[in-house]
Structure formats: structure tokens, C-alpha cells
Amino acid sequence: MKQVAHASIPARFFLLILFIFIVSTPHNGAAELVDRVVAVVNDDVITLSELEKEGERFYRDISAKTPATSLAETLQQAREHVLDRIIERRLIAQKAKAGNISVADAEVDAAFEQMLDQSRLSKPEFLARLKAEGLTETAYRENLRDQVLQSKVVNADVRSKVVITDEEILDYYDSRYTTQVSGGGFYLLQIGISWPKGQDAPSEIGEADRNKARKEAEKVLEMARDGEDFKALARKYSSLPSAADGGDIGLFQLEEMAPSMQQAVKDLKPDEISDIIETPEGYQFFKLLNNEDGTIVVKTPLEQVKEEIRSSLYEQRLKKAYDEWLDNLQNEAYIQKL
């Protein structure tokens, strides 16, 4: 963000002097400073009153939560942050004006109705919540206008230029959703039914708890062997941490496994499911995805995650493009903090 003058500094200098003169009014023979300029952004000024109003709730929360010994420094940092955001909005507004981009009242109304719908509140309830947060409906609508305007400018200058190709999606997919089997490894899925919490060894397990866990494991094993989706069953029934990943525990060499696990999986062929084994924590069984050297194991089919990948890559690329675009706006502008 440049803070040095360009060729048009004299005009901005006189604008600044004029503004200070206007807000300094005589009262009973003395001059009273009503407001002051805290930043100049091209031909616009940002005043202290704008800065205080913009960050009022933010400052109030900080004051309530920050120890007195560090309050002044924390508030100063907060004001710097708020001022940067105002400068950012002011630059975007100037860009919009230069490109004849504006926001109609109907667009603000539509944005307001959308926020009202998302809140699931009645309009009186919504307005009451705004009031509790120190906002009037008019002020909130002006905030929405700023957001819609910013979105329009970003759509025109940034968003429309961000493109994610199928090749990029496939590269991302290959790096995160596939694994190559090597060195005789076993790529496994796992489902486990654990003992009740607080019982850490088989000797402590009551016969009823043991039977209950065994019957649950047998029920889920039968469902898996009947063709139900193993990953879905793991997410629903498994009590192991791997349940969140659909039972995916990745690639293991045979020598890395516990003896009971080795015995269960060593003779499996791809897509076969092992018998149930007993562990110190409960009962488990496994599905072998592949164990052929050089084979690519697909964790999730591409079509199931393609749009999720596209969205993730798009958001990453958009953020980077927006940051670069904003940097260029700032570098080309005259910005002076006072």
C-alpha cells in the first residue's frame, strides 16, 4: 500500500486542508475540531468518526475482554485492521464508479430478503436482533449495498477470469484420492465394534457385553458380505477412529500387522472381506481393496468428488486472484494514513 504522493498530490493536499477547515467551526470565538481525517484514498477521505462508527461493536467487545494493561495497544491494532477494511472498500467503490457499476435499490431489497430467509426469523425479530447489535435497518441495508457492489466488481474483474480445468481436477484427485500399492502391501478398509468404555482388557469384559459386541460385528459383517457399501457401513457402525474415513486405514505391509490381523488378511483377494478377529478393544474385520504391486487403489470414485474438488480449487484460486487484484489496486492508488 503506497503512502507516497503521485503527480496529483497538490490537489489531494488542498482537498485535505479544505476538509479540515470545513469541520473546524468557530464557537464562542474559538475553533472546535469536530472531526479529523485519518486516511486519504485517492480523492476520498476517511474520517475518525467513520472509523469509530465502523468498528464500534468490535472495539466494545475488545474492551470487555482485554486486560487493562494491554487494552490501548489492542484497540490500536483493531483500529488499524478496521481502517484497512474501510480503505479496501473505498478502493473497490472507486473501481466500481470508474466502471459505471452500481447497485439498484431492488438488488439491495433482494439481498435483504435473502438474509431474512436465511435467518429463519420474522422481519420484526430480525430487526430486533439488528437493534441489539447496534444496527438500524438503514445502516444494515447500506452494508448490504456495499457487499453487493463489491461482489459485482469482483465478479467482473476477478471471478470471471478464474477457470478450473478438468486436467487440474484430475491431478488433484490423483494426488489425494488414489494410492499406488507397492512392495506387496495390503490396502485395507476396517470395521470395529469396541467394548463398552472403561473396560480395557478382555478379562474385564462381562459375558453379556462380549456377546453383544460379537453379535453386532456379525450383523455388520453379514451386511457387508451381502454387498452393502463397506465404507457406508463403517461410517454408520464402526466405533474406531477410521470410521470417519469410511474405515480406510490405508496401506500396510504384512509384517506391520498384529498376528491376528495378518492371519485374517494374508490370503484375501481384492474385494474380499475377512472373518472377524478379536482384539484387546473388541472385534474387527477387514476388506482388502488391493495387494497387487503397482496397482492404483481408488479411495473414492472421481464422479463422487469431482464437483467438490472443483469448488475447493476454485476457492483457492479465487482467493489468490483477489489478493493479487487488491494489491494492484493499492499499489496504483494514492493512500495516506494520517
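Once the Cβ-Cβ distance of ARG85 and GLU308 is raised to the sixth power relative to R0 = 35 Å, the FRET efficiency obtained is 0.70.
Radius of gyration over Kirkwood radius for region 184-294, both on Cα atoms: the Rg/Rh ratio is 0.97. Ranked by the mean number of other Cβ atoms within 10 Å of their residues, highest first, the peptides 45-51, 110-116, 140-146 fall in the order 45-51, 140-146, 110-116. Extending 7 Å from Cα along the Cβ direction at LYS53 and again at GLU315 yields two label points whose distance is 3.4 nm. The stretch between GLN253 and ASP109 holds 45.7 nm of extra length on full extension. This uses 0.36 nm per residue minus the Cα-Cα distance.
A simple rule links phi to the HN-Hα coupling: the Karplus curve 6.51 cos²θ - 1.76 cosθ + 1.60 with θ = phi - 60°, which for region 106-111 gives 5, 5, 5, 4, 5, 5 Hz, with x for Gly and Pro.
Here, each number is a calculation from the coordinates, and none is a lab measurement. Quantities reported herein were computed from a predicted structural model and do not represent experimental measurements. Neighbour counts run over all protein chains shown; Cβ positions are idealised from the backbone, glycine included.
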